[in-house]
1. With every protein chain left in place, what is the accessible area per residue of the chain in square angstrom, probe 1.4 Å?
2. Rounded to the nearest percent, how much of the accessible area of the chain (1.4 Å probe, protein heavy atoms only) is carbon and sulfur?
3. Given R₀ = 22 Å, what would the calculated FRET efficiency be for Leu83 paired with Ile23, taking r from the Cβ atoms and rounding to 0.05?
4. Can you tell me the length gained on complete extension of the stretch Val30 to Trp201, counting 0.36 nm per residue apart and subtracting the Cα distance?
5. List, largest first, the extents of the alpha carbons of the chain along their principal axes, each in whole Å.
6. Full extension from Leu174 to Phe37: what is 0.36 nm times the residue separation minus their Cα-Cα distance, to one decimal in nm?
7. For the chain, what are the DSSP H helices with axial Cα length of 27 Å or more and mean Kyte-Doolittle hydropathy of at least 1.0?
8. Gain in length, Lys14 to Tyr94, computed as 0.36 nm per residue apart minus the alpha-carbon separation, to one decimal in nm?
Amino acid sequence: MADSPVAGVPRWLKLAFSLWILIWAPSYAVLLGPQNFFWLCNVANFLLLVALWTEHRTLMSMQWLAVALVGSLWTFDVTTAALTGVHPIGGTEYMFNPEHPPMTRAMSLYHAVLPLVAGIGVAKLGYARRALLWQTLLTWIVVPLSYLLTDPDRNINWAHGPFGQPQDSLDPLLYLFLLTLIWPVVVYLPLHLVMVGGQRWRRQD
């Protein structure tokens, strides 16, 4: 996975994101416990930090696939629910649940920022096509581990049911298998195709 950076990532972004991780990681560990770090978006936080400092194009591109669509949909769902009281997608109901500590809900707003950070990184370093393969492989590791090692009631990475809700329509292992197939196809592949298509268009321009 070795890569040579094309352009430098702004130092201010590296420092600001490092400060964020220093605040966020221990806070989440205390408030939610270590299981919470199995979420793919939380894994992305750490990998994005590494990608920023190493300026590793493939790793940065992987995090772009991981957070761009998910973060945008999360932001849309939270914003719509805040304005109308309706969750058009679902999965963000916890943001309006008073049982969750206000600090935890406030810090979860990073979902709206990660696409911007990863987007700047990809804009500076370029998009690596191999990111789809590596992010898919990472997902195939993290999602099954979420099923095996975390509390089913927390439904981390929706390993026990879609949109944060438990499911009993399918055998749990069949559902998990389908989830690991659907996630890359629905979340990563469309964005990958857009990025590759953009690269081709720029070369032809």
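The values are calculated or read from the model by the stated rules, or taken from the named source; none is laboratory data. In this text, all values refer to a predicted model and were calculated from it rather than measured experimentally. Every residue, glycine as well, gets a Cβ built from its backbone with ideal geometry; the counts of neighbours run over all protein chains shown. The protein model used for the area step is the full one, side chains on, heavy atoms only, and it has no ligands, DNA or RNA in it. Shrake-Rupley method; radii C 1.70, N 1.55, O 1.52, S 1.80 Å.
1. I get 53 Å² per residue for the chain.
2. 71
3. Efficiency computed from Cβ-Cβ geometry: 0.20.
4. Full-extension gain reported as 56.8 nm.
5. For the chain, the Cα extents along the three principal axes come out at 49, 37, 35 Å.
6. 46.9 nm
7. 11-32
8. Here the segment from Lys14 to Tyr94 would lengthen by 25.8 nm.
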